[in-house]
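Data first, discussion second: the structure below is written as structure tokens.
The values are calculated or read from the model by the stated rules, or taken from the named source; none is laboratory data. Worth saying up front: this structure is predicted, and the values here are computed from it rather than measured. Neighbour counts run over all protein chains shown; Cβ positions are idealised from the backbone, glycine included.
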Amino acid sequence: MTSTVKSTWSSTRHRGAAAVALAVAAALVAGCGSSSDDTSDNPLSEGGASDGKTVVVGSNNFAESILLADIYGEALKAKGVKVEYKPNIGSRETTYGLLKNGSITVLPEYNGSLLAYLDPDAEQKSTESVNAAVKAKLDSKLTLLESAPAEDKDSVSINAATAKKYNLTAQSTLADLEDIAPELVIGGSPEFQTRHQGLVGLEKEYGLKFKSFKALDAGGPLTQAALTKNTVQAADIFTTDPTITKEKFVVLQDPKNLFGFANVTPLVYKSGLPQEGVDALNAVSAKLDTKTLLDLDSQVQLENKDPLDVAQAWLKSVGLD
């Protein structure tokens with residue numbers, strides 16, 4: 001199945017966790033963790049460009065990006081690479097420009113979302129084809145490294161009561177809902193009702209016809225609360241949202257890739273990263289899957305652990321420290 005991911009999806013994909021992300025980001029800027037210890041108060045201040053010896057690791061302004069930046073930075077340090085952090089910078093519109101001029105050397109990205117930003121009409125058939133398409137559209141000074149299996153993207157998730165009632169597990173797929181969907185209310189953003197990456201595609205690709213649709217928000221607190229309270233039994237939830245862990249939601253597998261691709265992938269300024277840095281980040285990608293990223297996000301956002309501590313502990317656990 002081919003997925004065409006529009007820029008509207010790219011722009012809304014992290015709004016669901018916006019409140020908690022901004023809270024964590026604010027804490028980091030105030031002095032929590034390595035990301036704020038090693039940088040100036042203003043992440044966009046002049047003089048931040050890489051000097052050819054220091055690798056500058058940046059992050060966007062949401063919690064998961066900051067955590068991933070710490071993972072990347074600490075993995076680089078373990079290989080003897082000098083690292084400076086520029087956390088919580090802003091949106092892709094800002095960070096992409098800073099990468100192009102060399103102010104940032106490394107940034108955690110999501111391949112499908114980046115492709116939607118660079119080419120809103122691009123088709124997405126596989127991780128490999130998405131990465132090839134991104135590289136073809138990138139500024140010549142930039143490149144992608146290896147993608148992780150970990151993805152943070154839209155999903156249809158069901159609450160624990162519904163999973164128990166219909167014997168659905170984390171191995172169940174959207175196709176398993178075909179006979180059940182007429183009994184279920186599904187929730188999501190208003191756009192979810194009319195877009196292909198929503199009810200239209202769920203019916204076309206999987207034959208799903210739900211009892212009704214409830215307009216909520218884009219994977220955010222309204223959707224989370226409705227699913228928790230069983231106001232809806234299924235909902236559009238991002239695959240690494242810590243609410244999945246907290247409320248024991250079950251994320252249904254999407255073998256036809258209706259929701260496209262959002263593999264965590266390092267985006268780098270080519271001349272600023274030495275080969276040992278490339279190898280270190282590719283090694284991180286090889287170890288990072290969606291289940292692991294969800295667990296790490298949950299430690300930061302639910303247990304209030306310092307993302308630097310979480311990053312270092314995980315790297316140690318997989319032999320990358």
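For the structure I just gave you, tell me whether A313 is within 24 Å of F62 (Cα to Cα), part of a helix (DSSP H, G or I) and hydrophobic (A, V, I, L, M, F, W, C).
yes
Residue-wise test of (1) more than 27 Å from E64 (Cβ to Cβ); (2) in contact with a Leu (Cβ under 9 Å, 6 or more places away or on another chain).
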residue	(1), (2)
L142	no, yes
A163	no, no
L177	yes, yes
P221	no, no
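In region 282-321, which residues are touching a residue at least 40 places away in the same chain (Cβ under 8 Å) and of a type in the set (S, T, Y)?
Listed by number, the residues that qualify are S285, T290, T292, S298.
Applying the selection to region 242-271, what residues are part of a loop (DSSP other than H, G, I, E, B) and closer than 23 Å to V130 by Cα?
Step one: of region 242-271, the residues part of a loop (DSSP other than H, G, I, E, B) are 242, 248-249, 252, 254-262.
Result: L252, D254, P255, K256, N257, L258, F259, G260, F261, A262.
Which of the residues spanning region 55-74 are outside any helix (DSSP H, G or I) and either among the charged types (D, E, K, R) or modelled with pLDDT of 95 or more (or both)?
Of everything in region 55-74, those that are outside any helix (DSSP H, G or I) and either among the charged types (D, E, K, R) or modelled with pLDDT of 95 or more (or both) turn out to be V55, V56, V57, G58, S59.
Would you tally the residues in region 75-103 being part of a loop (DSSP other than H, G, I, E, B) and over 22 Å from the mean Cα position of the chain (by Cα)?
Residues flagged as part of a loop (DSSP other than H, G, I, E, B) and over 22 Å from the mean Cα position of the chain (by Cα) within region 75-103 amount to 6.
Could you list, in sequence order, the residues of region 95-112 that are surrounded by 23 or more Cβ atoms within 10 Å (Cβ to Cβ) and either small (G, A, S) or touching a Ser or Thr at 6+ places or on another chain (Cβ under 6 Å) (or both)?
Once the filter is applied, which keeps residues that are surrounded by 23 or more Cβ atoms within 10 Å (Cβ to Cβ) and either small (G, A, S) or touching a Ser or Thr at 6+ places or on another chain (Cβ under 6 Å) (or both), region 95-112 yields S103, T105, L107, P108, E109, N111, G112.
Taking L273 as the residue in question, decide whether it is crowded, with 17+ Cβ neighbours inside 10 Å, touching a residue at least 60 places away in the same chain (Cβ under 8 Å) and over 30 Å from Y206 (Cα atoms). So that I can check it myself, show each step before the final result.
Details: crowded, with 17+ Cβ neighbours inside 10 Å: yes; touching a residue at least 60 places away in the same chain (Cβ under 8 Å): yes; over 30 Å from Y206 (Cα atoms): yes.
Yes; evaluated as a whole, the condition is true for this residue.
Testing Q233 on (1) under 19 Å from A148 (Cα atoms); (2) at pLDDT 95 or above, one condition comes back false. Which one is that?
The single condition Q233 does not satisfy is (1).
Provide a single number: the residues in region 186-196 that are surrounded by fewer than 22 Cβ atoms within 10 Å (Cβ to Cβ) and touching a helix residue (DSSP H, G or I) at 6+ places or on another chain (Cβ under 9 Å).
5
Please pick out the residue among L293, L315 that is surrounded by fewer than 24 Cβ atoms within 10 Å (Cβ to Cβ), under 19 Å from P87 (Cβ atoms) and under 14 Å from the mean Cα position of the chain (by Cα).
L293
Please list, ordered by first then second residue, the pairs with beta carbon atoms under 9 Å, 6 or more apart or interchain, first in region 212-229 and at positive phi and buried (at least 16 other Cβ atoms within 10 Å of the Cβ), second part of a helix (DSSP H, G or I) and among the basic types (K, R).
G219/R15
Does A218 meet the test of being in a loop (DSSP other than H, G, I, E, B), within 21 Å of A63 (Cβ to Cβ) and touching a Gly at 6+ places or on another chain (Cβ under 9 Å)?
yes
Which one is surrounded by the fewest Cβ atoms within 10 Å (Cβ to Cβ), of the residues in region 113-132 that are among the small types (G, A, S) and either closer than 12 Å to G260 by Cβ or not assigned by TED's automatic domain parsing to the domain that holds S271 (or both)?
S126
Out of D279, D254, I need the residue that is within 21 Å of A116 (Cα to Cα) and either in contact with a Phe, Trp or Tyr (Cβ under 9 Å, 6 or more places away or on another chain) or in contact (Cβ under 8 Å) with a residue 40 or more places away in the chain (or both). Which one?
When all the criteria are applied, what remains is D254.
For the condition touching a residue at least 12 places away in the same chain (Cβ under 8 Å) and not assigned by TED's automatic domain parsing to the domain that holds S147, what is the one hit in T245, T265?
Exactly one residue qualifies, and that residue is T245.
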